[in-house]
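Comments concern the structure below.
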Amino acid sequence: MNWRRFWLYVGAIVLAIWTIVPIYWLLNMSLMFKPELLSVPTHLFPQQPTISNYTRLFGVTAIGPGGELPPIGQAAMIRRGLVNSAVIAVTVTVLTMAIALPLAYALGRLQFRGRSGLLFGVIITRSYPPISIVVPFFYLYSQIGLQGTTRGLVIIYLTLTIPMIVWVMTSFFSSLPRTVEAAARVDGNTRWQTFLRVILPMSWPGIAVAVAISFMVCWNEFAFSQILAAGSRAQTFPPALAGMFFQVSQPNEMAAASILAIIPPAILAYIFQRRIRNLNLVDPL
């Protein structure tokens, strides 16, 4: 018996259980009415599955075992948070790709004075806790009218995503074969045309990872939205979800809201999974 492979499989199974069981339990709770959720012994599967906890999050009245169930009190806050998170995450991801990809290409494929210093500067911006910059942003935003706006959140989220994506894509661009790029230049393509026509099509696995990372960072970000937009119409989904813990909410309702938070990143990961599996990052230094 190959014991190394055996323990590898055991570790993979334990990791899968560790990851899947909490998500399954959230899903299980979200499909139960409150009486069943509080029953003893606990049901491993819903006896009367229902999607009413989800529909009530969107302001729809449902029918339960005891009669009519009104929409969840935080439904408007949750709906607005979902929309804001989706809009901001997509906007930031598009802007991040537009800014970070050309910069990463230059750092990964070109040799110029100050390259190492510029790359180090990009990395160093991710070395401090992001929350440490929220105080100057809070003061600045309060002075120029960006506090409680989606524009303000887009700007501050870019400080999180651009350095991260530049580092990831610099690694990827530097690993691509240079012969194809050289052939494109010999054929008369400019540096920019080579980047658009040759490098980007070859880089779809890395770009898929970059898009997924950028979207998930924005979708899950809590601290900046909580401090800069809490209680405003620009509040994103994570602070809205956290707000349910401080109001009169039921476990099955919070479980449904938590599952809603998981769905978009899960869909994105599923779409890009084949390209992500093909990714092989190489350290550019």
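The values are calculated or read from the model by the stated rules, or taken from the named source; none is laboratory data. Given the structure is predicted, the values throughout are model-derived calculations rather than measurements. Positions of Cβ are backbone-derived with ideal geometry, glycine not excepted, and every protein chain shown enters the neighbour counts.
A few comments on the model shown:
- Residue match in region 126-137 (condition: farther than 23 Å from Gln226 by Cβ and buried (at least 17 other Cβ atoms within 10 Å of the Cβ)): no
- Residue in region 57-67 that is of a type in the set (Ser, Thr, Tyr), loosely packed, with under 13 Cβ neighbours inside 10 Å, more than 30 Å from Arg185 (Cα to Cα) and outside the structural domain of Ile213 (by TED's automatic domain parsing) present: yes
- Among residues of region 226-243, those that are in contact (Cβ under 8 Å) with a residue 60 or more places away in the chain and either assigned to a helix (DSSP H, G or I) or among the polar types (S, T, N, Q) (or both), counted: 12
- Enumeration of residues in region 41-62 that are of a type in the set (A, V, I, L, M, F, W, C) and either at pLDDT below 80 or closer than 30 Å to Arg233 by Cα (or both): Ile51, Leu57, Phe58, Val60, Ala62
- Residue ID - nearest to the chain's Cα centre (by Cα), chosen from residues in region 156-183 that are among the aliphatic types (A, V, I, L, M) and surrounded by fewer than 18 Cβ atoms within 10 Å (Cβ to Cβ): Val180
- Considering region 137-223, the qualifying helices (runs of 4 or more DSSP H), each wholly inside and each with 1 or more residues that are within 18 Å of Gln111 (Cβ to Cβ), run over 150-175, 178-186, 191-194.
Listed here are the residues, each with its yes/no results for (1) modelled with pLDDT of 85 or more; (2) within 24 Å of Leu260 (Cα to Cα); (3) hydroxyl-bearing (Ser, Thr, Tyr).
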| position | (1), (2), (3) |
| --- | --- |
| Pro70 | no, yes, no |
| Gln74 | no, yes, no |
| Val90 | yes, yes, no |
| Pro130 | no, no, no |
| Tyr139 | yes, no, yes |
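- Top-ranked residue of region 19-48 - restricted to ones that are assigned to a helix (DSSP H, G or I) and aromatic (Phe, Trp, Tyr), ranked as nearest to Ala255 (Cα to Cα): Trp25
- Qualifying residue in region 100-110 (condition: over 29 Å from Ser232 (Cα atoms), free of Cβ contacts under 8 Å to residues at least 24 places away in the same chain, in the same structural domain as Ser175 (by TED's automatic domain parsing) and not in a helix (DSSP H, G or I)): yes
- Subset of region 71-82 that is touching a helix residue (DSSP H, G or I) at 6+ places or on another chain (Cβ under 9 Å), in a helix (DSSP H, G or I) and of a type in the set (A, V, I, L, M, F, W, C) - its residue that is surrounded by the most Cβ atoms within 10 Å (Cβ to Cβ): Ile78
- Scanning region 49-70 for residues that are of a type in the set (Phe, Trp, Tyr) and either outside any helix (DSSP H, G or I) or within 22 Å of Thr159 (Cα to Cα) (or both) yields one hit, Phe58.
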